[in-house]
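So the structure is just underneath, and the comments pick up after that.
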Amino acid sequence: MKFGLFYLPTYLPETRDAHTHYHNMVEQVVYADRIGIDYAWMVEHHFVRHGGLLPANYAFLSYLAGRTERIRLGTGATILPLNDPVRVAEQAAALDQLSKGRFDFGVGRGFIRDEFDAFGVPMKESRERVEEGVGLIRKAWSEPTLEFDGGFRPAMSGLPILPPVYQKPHPPIWVACLLSPESFEWTAREGHNLLYVAYHVDHDIAVERIGWYRDALRKAGRRIEDHEICCVYHAHFLAEGDDERLAAAVHGPMSEYAAAGLEATRNPADPVAYKGYEQRDAGQRRFTFESYFPGRVLMGGPEQAIERIRVLSDIGITQIGMLVDFGSLPQPEIMRSLEIFGEEVLPYVRDL
């Protein structure tokens, strides 16, 4: 089992300014690098309090590349419909070089209408833009010059993409999926790893959706063990199990996180291209501690956490992306939680 820190921070300027929040996250990742956490994932969002502190995740990850030594650095995820895939290929290759091959490329459709409207991109094109864009980027990384003629940008011929990637043939590719079976199935057919934000649903639904991916791998003739599944959960660790103390520590910040998510999607996504996405925030509207603990999070004392990780390992998850920085959770509590994880949890679950 691998573990990562996943960042989709809540912007709360009345609690801490952007500068403080940025450097809090840097402190967390530098510490995670030291204690043996495997990944740091940075989301991309724009204009909203729900992740909008990270509109430039390649810049942030490039800074982290210079502050860390071994932790892998991933985009979780690049919203490809909002970006020129040629520019993405260039930025990602530069990050791969700076990090000496520690970069993982996570990509997704996006789902926030305000972002698509601001950049003038029709939401109905999101799936096609992702599929075409990932193909373009793979070619740009794998061939000496780019030959490409697609539907969303001018054709290219003999175009050198610089710098080349450090990893050969190219960095690992992860696709963020949420609730569309087509996304899980396409990801498997193409042989990409799965990046699944699982905290929106109860455990049995997460199992079903992971099953979509695993079944599609088999149908495509691919070996399940050759592919990675990262699921993202809010995470907070105490020195000992105490549900009342845990609720007192996390429920306010969790509620702030949920409120920011609802605010970001106040304008609904395209109902055809994003069929069923109105279900995405159903759990955020019925928000109590009991609605998410224990089945939608990774929280509690060491014994609780170890047992929860065993359950997640048993359903085929190979990495847990831990969303440790949420709402207004204070930095000292986040750092203490990471310390407990590193000392009391990680040594006992690494070999699962």
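The values are calculated or read from the model by the stated rules, or taken from the named source; none is laboratory data. The model shown is predicted, which means the values in this text are computed figures rather than measured ones. In this analysis, Cβ positions are derived from the backbone assuming ideal geometry, glycine residues included, and neighbour counts consider all displayed protein chains. All accessible areas refer to the heavy atoms of the entire protein, side chains included, with ligands and DNA or RNA removed. Shrake-Rupley method; radii C 1.70, N 1.55, O 1.52, S 1.80 Å.
Where only protein heavy atoms count, and the probe is 1.4 Å, what is the accessible area per residue for the chain in Å²?
Ligands and nucleic acids excluded, the result is 41 Å² per residue.
Hey, what did the chain get for relative contact order, percent, Cα under 8 Å, at least 6 apart?
It comes to 21 percent, rounded to a whole number.
Of Ala259, Ala188, Tyr277, whose Cα points farthest to the positive end of the dipole of the chain (charges on the beta-carbon: +1 Lys, Arg; -1 Asp, Glu; origin at the Cα centre)?
Farthest towards the positive pole: Ala188.
Find how many whole Å separate the alpha carbon centroid of the stretch 19-75 from the alpha carbon centroid of the stretch 170-228.
The stretch 170-228 and the stretch 19-75 have Cα centres spaced 24 Å from each other.
Tell me the trypsin sites (Lys or Arg not before Pro) within the stretch 217-271 that lie in a loop according to DSSP and have at most 11 other beta-carbon atoms within 10 Å.
Taking the stretch 217-271 and a limit of 11 other Cβ atoms within 10 Å, the loop trypsin sites (Lys or Arg not before Pro) found are Arg223, Arg266.
How much of the DSSP beta bridge set in the stretch 126-257 is antiparallel, as a percent to the nearest 5?
So the antiparallel bridges in the stretch 126-257 amount to around 20 percent.
With r defined as the distance between the Cβ atoms of Phe287 and Asp149 and R0 fixed at 56 Å, what FRET efficiency is calculated, to the nearest 0.05?
Rounded to the nearest 0.05, the efficiency is 0.70.
Over the Cα atoms of the stretch 150-279, what radius of gyration and what Dmax do you get, in Å?
Gyration radius and largest Cα-Cα distance of the stretch 150-279: 19.5, 63 Å.
Mind ranking Ser337, Ser62 by accessible surface for me, highest first, 1.4 Å probe?
Working: Ser337 5, Ser62 40 Å².
Accessible-area ranking of Ser337, Ser62, largest first: Ser62, Ser337.
Treating the angle as unsigned and between 0 and 90°, give the value, to the nearest 10°, between the Cα long axis of helix 243-264 and the longest Cα principal axis of the chain.
In the chain, helix 243-264 runs at an angle near 30 degrees to the longest axis.
Once you have all Cα-Cα distances for the chain, histogram them in 20 Å bins from zero and send the whole-percent values.
Going out from 0 Å in 20 Å bins, the chain shows 31, 62, 8, 0 percent.
Roughly what % of DSSP beta bridges within the chain run antiparallel, to the nearest 5? Mind showing how you got there, number by number?
Values: 3 of 39 bridges.
Counting only bridges with both partners in the chain, antiparallel ones make up about 10 percent.
Just how large is the dipole of the stretch 194-298 about the Cα centre, in debye to the nearest 20, putting +1 at every Lys and Arg Cβ and -1 at every Asp and Glu Cβ?
About 540 debye.
Which distance in nm do the two modelled labels at Thr15 and Leu352 give, with both placed 7 Å along the Cα-to-Cβ direction?
Those two pseudo-labels are separated by 2.7 nm.
Determine the sum of side-chain charges near Trp141: Lys and Arg each +1, Asp and Glu each -1, restricted to other residues whose C-beta is under 11 angstrom from that of Trp141.
Computed value for this residue: 0.
Gain in length, Ala259 to Ala56, computed as 0.36 nm per residue apart minus the alpha-carbon separation, to one decimal in nm?
Fully extending the segment from Ala259 to Ala56 adds 70.8 nm.
Return one quarter of the surface area of the convex hull spanned by the alpha-carbon atoms of the stretch 1-104, equal to its mean projected area, in nm².
Result: 6.7 nm².
Step through the table entries Lys139/Lys275; Lys2/Lys275; Lys124/Lys168; Lys2/Lys124; Lys100/Lys219; Lys2/Lys100, compare each Cα-Cα distance with 28 Å, and write down the pairs that go over it.
Lys139/Lys275; Lys2/Lys275; Lys124/Lys168; Lys2/Lys124; Lys100/Lys219
State, as an integer percentage, the relative contact order of the stretch 135-198 based on alpha-carbon contacts under 8 Å between residues 6 or more apart.
Relative CO of the stretch 135-198 lands at 24 percent.
What number in nm² do you get for the stretch 88-207 if you take the convex hull of its Cα atoms and divide its surface by four?
Averaged projected hull area, Cα only: 8.7 nm².
Given a 1.4 angstrom probe, I'd like the percentage of the accessible area of the chain that is carbon and sulfur, rounded to a whole number.
Of all accessible area on the chain, carbon and sulfur atoms account for 51 percent.
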